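The values are calculated or read from the model by the stated rules, or taken from the named source; none is laboratory data. Everything numeric in this text was worked out from a predicted model, so none of it was measured. Here Cβ is always computed from backbone atoms with ideal geometry, including for glycine, and neighbour counts include all displayed protein chains. Ligands, DNA and RNA are stripped out before the accessible areas are found, and what is left, the full protein with its side chains, is counted by its heavy atoms. Shrake-Rupley method; radii C 1.70, N 1.55, O 1.52, S 1.80 Å.
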Amino acid sequence: MADRTQRRSLLLRLAVRLLARDRGEVRALSDLMKLRGPLQFVGIFAFTIIAPGIILAYFGWASIRSEELSVRAEALTNADATADVLAAQVEGLFTTFEGSVRGRLERGQSPMERLPELSPALLVAFRLDGAGNLAAPFAPPVTRPIMDQSFFLASPWRDAELAEQSGGDPARAAGLYAEAADQARGITALGQAAFARGRALMKAGETDEAKAVFADVVANFGSVRDVHGFRLGDLARLKRGEILLGEEPTIGSAALQDLVNEILSTRLWVIGDRAEWAPANRALELLEDVAPKDWLASTRGRLEEKSSQAFWAEQLVDDLSTLTPGGASIGVSPGDFSYRRLGDTLWASAWWGNDFYTFALDIDALMTRLDKFVEQAESSETTLRVTLLTAQDVPPADALSRRNLSPWLTGWSLAVAPRDADALAALQDRKRTQRLAVIGLSVFMITTGAFLASWLVSRELDVARMKADFAANVSHELRSPITQIRLKGESLMLGLVFDDEGRAQHYEAIVRESERLSRLVDNVLDFAAIERGAKKYTFRPVDIGETVQSAVDAARYSMEARDLTIDLELSDDLPVVFHDPEAVSQVLHNLISNAAKYGKEGGWIGVAGSMSTDGVEIHISDRGIGISEEDLPRIFEEYYRSSDPQARRRKGTGIGLTIVRYIMEAHGGRVDVQSQVGQGTTFTLHFTLKPPEQPGL
Ligand code: ADP
């Protein structure tokens, strides 16, 4: 404690010395003391408003940041979960396949049979035995469409077939096939009906219509297979080519050559399957006399070659050489698969005993499966978008999560990104705005609260100060008449006043001062009664002019003694007004003595009474110091005294005008003030002619 005091006084001394340089220590100290108040205020302000504001702003900022991060983290978690599910599904696809192959090998069964059971994407399988011989390529059975047999056995299909046969009516058949198409359900039946109708139309000679129907079949049912496993697209192109050959041989020939070339060059043949070979062979038959001889010869050769097993063995030697033992991609343990992508095929290879197996999986079919997984994942997670990427694709810039599809699809990956790139930002924005609004509101409320609290405190302090001043002022006000009375009384008692005139003056002074005293006491007591709510008035119908007259007369003597002129001007028509004459006299006394007190030396006071639109007005005017604009709204407040030094020099208690206002309101009237600093002040009392609401109170 002593330390602190010492330190403080040291600081103070230092400050005083610095400030004292050219003004002296006393001035410096008083300046410092003057600074104390504002410094304290700044301290409190910083403590109650700035510091909590900074803390709140900091926490607000931190919470906005964390909210943003959590929105992003949530999106990331979702994306990760989706990516995990998809990656697991892809893995499942391959592990199921591998598991089935291994299962068969372990049970001593051949993995080269019933290939679609191993994987729907499986195209073909090979085995290289220990001696290095390539086992015959295995032809998986073509998946034949499952058809609704009852559709083909019943009318109209059955009738159409009969009508189409020789001796029937192909035009009728075409109509019946159209009817069948209407009833068909499923793409296979629909495609078949459309193709059969084209065929019937062709037989009926409606070639234009037939061509249109075939074109439609190619476009809509191109890859649908018929009961024999043929592609409807191939059949329709054959028939259309046949018609065109009859009409415009060059166009027809070109169309058929296109078909043959496509079958030979771009299709992946399933060995031993006639479904690819037969349409090509039929096209070559049709082209027999139309196409160039050497093209025909070489193409026929290619067709035979491709349909022979030897061709396949040769074709695959290259591919297989990259997959066979010694290739880097072979799994180390028996049954371990390694994957390699060549063109549209994914080769899955594994050792088992002395045999080397390799399986060709159709990438397109795999992709279709993956797409289906993605579709499912997206439908359950609507805010995310999944993209399948090959090694060449550029991953989306806003990808939240990625999964490698190695080792199966090396270089492939899937990326999960927000469906709507702006949605995440919009969500973050929305959350940020919400937080900002809450923080803004809190800052506003804290600030308002602090201001309100400081305003209330300063008001309470004001009132407390005014009350303290009031007690001091009342004591002061009491002292001077008491002193006067005592002085004059003692002079008389001790016979110090010899002449009659002097004695008379002393008596008068005693009476005057006693009156002043009793007025003061009246005011204080009245005020106390008003504060308690115990003040009562007796309203009587009395001529208001008389009340004013006698109040002015009572004041006149002491006014004139102080060299003040008081003018009274009353209209003749002043009516009877319900009022308490004593209370109104007190009002007038308070206002007149204020006019005298705040008037100028040897000044003038004017009292005037006249009728107004709704009653009677009494004006009490002076040409005194006036009241400043800040003070005007406050002068009727309890204990309020102006802080203006000129007004402060005059003694007072600060309750005179409060009593005036209270009495006027109790009379159902009011008091107004008009004033100009340095010019003077006029108080106006407004009385109504109606009896006050509670007469007799
Ligand atoms: P006080 O006892 O201080 O006169 P009042 O309630 O009568 O208390 O008046 C309140 C304040 O109003 C005064 O302190 C003074 O500043 C101002 N005031 C009242 N009457 C006048 C006047 N006639 N001229 C100038 N100032 C006045």
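What percentage of all Cα-Cα pairs in the range 150-318 are separated by more than 30 Å?
For the range 150-318, the fraction of Cα-Cα distances above 30 Å is 23 percent.
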Exercise. Of all accessible surface on the chain at a 1.4 Å probe, what whole percent is carbon and sulfur?
Worked result: 55 percent
Exercise. So which GluC sites (Glu not before Pro) in the range 597-697 pass both tests, a DSSP loop state and at most 13 other Cβ atoms within 10 Å of the Cβ?
Worked result: Glu601, Glu629, Glu630, Glu693
For this session: Please give, to one decimal in nm, the separation of the simple spin-label points placed at Tyr507 and Asp672, each 7 Å out from Cα toward the Cβ.
Result: 4.7 nm
Problem set entry | the range 408-485 shape via C-alpha gyration tensor axes, a/c threshold 1.5 | prolate
Seminar exercise, completed: Quarter of the surface of the C-alpha convex hull for the range 655-697, i.e. direction-averaged projected area in nm², equals 3.6 nm²
Exercise. Under a no-solvent Debye model with one identical scatterer per Cα of the range 540-688, what's log10 I(q)/I(0) at q = 0.10, 0.12 Å⁻¹?
Worked result: -0.31, -0.46
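Using a simple charge model, +1 on the beta-carbon of Lys and Arg, -1 on the beta-carbon of Asp and Glu, nothing else, what dipole does the range 540-688 show about its Cα centre, in debye to the nearest 20?
Details: 14 positive and 23 negative charges, 152 e Å.
That gives the range 540-688 a dipole magnitude of about 720 debye.
Relative to the present Cα-Cα distance, how much length would full extension add between Arg114 and Ala365 at 0.36 nm per residue of separation? Before the final figure, lay out each step's value.
Values: separation 251, 0.36 × 251 = 90.36 nm, distance 1.74 nm.
That pair, Arg114 and Ala365, stretches by 88.6 nm at full extension.
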Exercise. What spacing in nm lies between the two simple spin-label points modelled at Val542 and Val443, each 7 Å away from Cα in the Cβ direction?
Worked result: 6.3 nm
Exercise. Can you flag which of Lys467/Lys651; Lys536/Lys651; Lys203/Lys306; Lys467/Lys535; Lys535/Lys690 are past 26 Å Cα-Cα?
Worked result: Lys536/Lys651; Lys203/Lys306
Seminar exercise, completed: the range 150-318: relative contact order from alpha carbon pairs under 8 Å, six or more residues apart, as a whole percent, is 13 percent
For this session: State, to one decimal in nm, how far the label point of Arg650 lies from the label point of Arg486, with both points 7 Å from Cα in the Cβ direction.
Result: 2.7 nm
For this session: Can you find, among Thr48, Val671, Ser642, the residue farthest towards the positive end of the dipole of the chain? Put +1 on the C-beta of Lys and Arg, -1 on that of Asp and Glu.
Result: Ser642
Seminar exercise, completed: From the Cα centre of the range 523-577 to that of the range 369-429, the distance in Å is 95 Å
Exercise. Once fully extended, how much extra length lies between Thr387 and Ala88, figured as 0.36 nm per residue of separation less the alpha-carbon to alpha-carbon distance?
Worked result: 106.1 nm
Exercise. Which whole number of Å³ per residue matches the convex hull of the alpha-carbon atoms in the chain?
Worked result: 470 Å³
Exercise. Which percent, to the nearest 5, of DSSP beta bridges fully inside the chain are antiparallel?
Worked result: 90 percent
For this session: Round to a whole angstrom and tell me the spacing of the C-alpha centers of the range 601-668 and the range 49-77.
Result: 58 Å
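Evaluate the relative contact order of the chain (contact order divided by residue number), counting alpha-carbon pairs under 8 angstrom at least 6 apart; express in whole percent. Show your work: numbers first, answer last.
Values: 911 pairs, mean separation 65.5, N = 697.
Over the chain, the number comes to 9 percent.
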For this session: Sorted from largest down, give the three principal axis spans of the alpha carbons of the range 350-403, whole angstrom values.
Result: 51, 23, 18
Exercise. Using a cut-off of 26 Å between alpha-carbon atoms, which lysines can reach Lys372, once sequence neighbours fewer than 8 places away in the same chain are excluded?
Worked result: none
Seminar exercise, completed: For the range 603-676, dividing by residue count, accessible area per residue (probe 1.4 Å) in Å² works out to 47 Å²
